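Beneath this line is the structure, given in structure tokens, with notes to follow.
The values are calculated or read from the model by the stated rules, or taken from the named source; none is laboratory data. None of these values were measured; they are calculated from a predicted model. Here the Cβ positions follow ideal geometry from the backbone for every residue, glycine too, while neighbour counts run over all protein chains shown. When the accessible area is computed, the model is the full protein with side chains, heavy atoms only, and any ligands, DNA or RNA have been set aside. Shrake-Rupley method; radii C 1.70, N 1.55, O 1.52, S 1.80 Å.
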Amino acid sequence: MSYLTARTGRQRQRYDGHLRLVSGCIPYRFEKSDGSCNGSIEQKLLVLMISSPSRDDLVFPKGGWEDDETMSEAACREALEEAGVKGVLGDNPLGAWEYRSKSKQKSCSLQGGCKGFMFAMEVTEELDSWPEQANYGRKWLTIEEAFRSCRYDWMREALRKFTTPLSETRENDTRKELDELPLRPISEIGSEHPNPMSSSSTSFANHPSIQQLAA
């Protein structure tokens, strides 16, 4: 049982005009796995999503940003309350998305509008119990699984923005590894792979008929 308690109520809720401000994060970790082809150790990227009762789809932890905390603190608090994880939060949010709360999806009024900010969080600690464990289960997924399971399009877009710089980093690391490979002198390569034309041209020049013409 968790001795932490989750915040309730909206007395301290921040607003931007009619939009309720929300902060959340995409918790992630790298898991080592055996390479399928050459037996090497690979790093598999996993993200943590949470489930709610009577729903098959999943979401990332998020909740109201309150007036006694920073946006980053709100994201960390929601990750702890809803998913039971702590970690290192990115310096800047992945972006901001406007959406309607699930209870006001079909409403034409201004009520229910939200503006959500999402961060990336590298998980360093996973608690055995957490404040909202009775309401939310948690599940580690690959990026592909997360895209398929995600409940909201705006969260799917946040996930896409999260994965883009990681892909670029992998490409840059591969390029850097190639650039750091030692270059061998051409003379060494030539000694291992002699030019077949050079030996044949020498033999051709030593042929008796050629020597006779030269005389």
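Worth pointing out:
- The heavy atoms of C150 offer some 10 square angstrom of accessible surface to a 1.4 angstrom probe.
- Out-of-range pairs (alpha-carbon distance over 19 Å; input K32/K139; K86/K115; K32/K161; K32/K62; K62/K115): K86/K115; K32/K161; K32/K62
- 5 angstrom amide H check on I26, placed H, neighbours 5+ away: F119, A120, M121
- Amide H within-cut-off set for E132, under 5 Å, with H built and near neighbours excluded: none
- A simple rule links phi to the HN-Hα coupling: the Karplus curve 6.51 cos²θ - 1.76 cosθ + 1.60 with θ = phi - 60°, which for the stretch 77-94 gives 5, 5, 4, 6, 5, 8, 10, x, 10, 10, x, 9, 8, x, 5, 10, x, 5 Hz, with x for Gly and Pro.
- A protection proxy built from the mean count of other Cβ atoms within 10 Å ranks the segments 21-27, 7-13, most packed first, as 21-27, 7-13.
- Karplus-derived HN-Hα couplings along the stretch 154-161 (A = 6.51, B = -1.76, C = 1.60, θ = phi - 60°), whole Hz, x at Gly and Pro: 5, 6, 5, 5, 4, 5, 5, 5
- Phi-based couplings in Hz for the stretch 15-20 (Karplus 6.51, -1.76, 1.60; Gly and Pro marked x): 9, 10, x, 8, 8, 6
- Length-normalised contact order for the stretch 44-162 - Cα pairs under 8 Å, 6+ apart - percent: 37 percent
- Sequence-distant residues sharing a close amide H with D16 (under 5 Å, placed H): L21
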